[in-house]
Amino acid sequence: LAKIAKQNGALIFENTEVERITDTSLITKNGTVQTKHIIIATHLPFNEPRGLKFIKDAYKTYMLEVKLPKGTLPEACFQDLKSPYHYIRVDKQKDFDRILVGGEDHRKNINVSEEKNFKALERYFKSILPNVQYEVTNKWGGRVIETIDGLPYIGSFKDNPNHYYSTGFSGNGM
């Protein structure tokens, strides 16, 4: 898509921190880009129009990175239907399998102990592979955006019809 866009005259700026967006420009530390149309494709647009604030919510998700003996599980992605739900991704490495175990999501504005959620993830992992030796090598939590209807927001608002947004893709901590 980027290649075709460039062939048709689009300029794409990556790794450039935008400090402010106006109707027709992007202001950065290194200068200003003037344009007629602006695509804002990011996790959480900092210049959110009013309408965007009411169509999504922030959740926190948790991940464990686990080292397992090679061949314990097939390389795949798994997800359960529990509430809160869990997901697992198996990545084959040369000498072992790397497993990402995630879930235990909750609304960002609800104060929940991270340690409690990491322990719950590990209990879940042990429940599906009770007799397997493993090592937790990393853990982290991060924010995901959920829209009210579960669909991402892609489009503009009447505040500024020349600004196009792409956000709210939900997802998980992988």
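The values are calculated or read from the model by the stated rules, or taken from the named source; none is laboratory data. This is a predicted model, so every value here is computed, not measured. Every residue, glycine among them, receives a Cβ derived from its backbone with ideal geometry; neighbour counts consider all protein chains shown. These area figures cover heavy atoms from the full protein model, side chains too; ligands, DNA and RNA do not enter into them. Shrake-Rupley method; radii C 1.70, N 1.55, O 1.52, S 1.80 Å.
Points to keep in mind about this one:
- Number of residues in the stretch 62-112 that are of a type outside the set (Asp, Glu) and assigned to a strand (DSSP E or B) equals 25.
- Within the stretch 74-85, residues that are closer than 23 Å to Arg98 by Cα and of a type outside the set (D, E, K, R) sit with their Cβ atoms under 7 Å from residues that are open to solvent by 100 Å² or more (accessible area, probe 1.4 Å) and in a strand (DSSP E or B), at 6+ positions apart or across chains, in these pairs: Tyr85/Gln79.
- Residue in the stretch 87-94 that is open to solvent by 30 Å² or more (accessible area, probe 1.4 Å) and acidic (Asp, Glu) present: no
- Candidates in the stretch 44-65 are the residues that are at pLDDT 90 or above and in contact with an Asp or Glu (Cβ under 7 Å, 6 or more places away or on another chain); of these, the one that is nearest to Pro84 (Cα to Cα) is Tyr62.
- Looking only at residues of the stretch 133-164 that are among the hydroxyl-bearing types (Ser, Thr, Tyr) and over 22 Å from Lys60 (Cα atoms), we find that the one that is farthest from the chain's Cα centre (by Cα) is Tyr134.
Rundown of residues vs (1) more than 20 Å from Ile88 (Cα to Cα); (2) assigned to a strand (DSSP E or B); (3) not aromatic (Phe, Trp, Tyr), yes/no style:
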| site | (1), (2), (3) |
| --- | --- |
| Asn131 | no, no, yes |
| Asn138 | no, yes, yes |
| Val144 | no, yes, yes |
| Asp149 | yes, no, yes |
| Phe169 | no, no, no |
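- Residue-level check: of (1) open to solvent by less than 30 Å² (accessible area, probe 1.4 Å); (2) small (Gly, Ala, Ser); (3) closer than 21 Å to Asp105 by Cβ, Ser25 misses just (3).
- Looking across the stretch 113-129, just one residue is loosely packed, with under 11 Cβ neighbours inside 10 Å and in a loop (DSSP other than H, G, I, E, B), and that is Ser113.
- Count of the stretch 85-101 residues which are under 11 Å from Val66 (Cβ atoms) and either of a type outside the set (D, E, K, R) or in contact with a Cys (Cβ under 6 Å, 6 or more places away or on another chain) (or both): 7
- Of the criteria (1) modelled with pLDDT of 90 or more; (2) surrounded by fewer than 18 Cβ atoms within 10 Å (Cβ to Cβ); (3) under 19 Å from Gly168 (Cα atoms), which one Ala41 fails: (1)
- A Cβ distance below 6 Å, combined with a sequence gap of six or more or placement on separate chains, defines the contacts here; from the stretch 3-18, residues that are at negative phi reach residues that are at pLDDT 85 or above in the pairs Ile12/Ala2; Thr16/Thr28; Val18/Leu26; Val18/Thr28.
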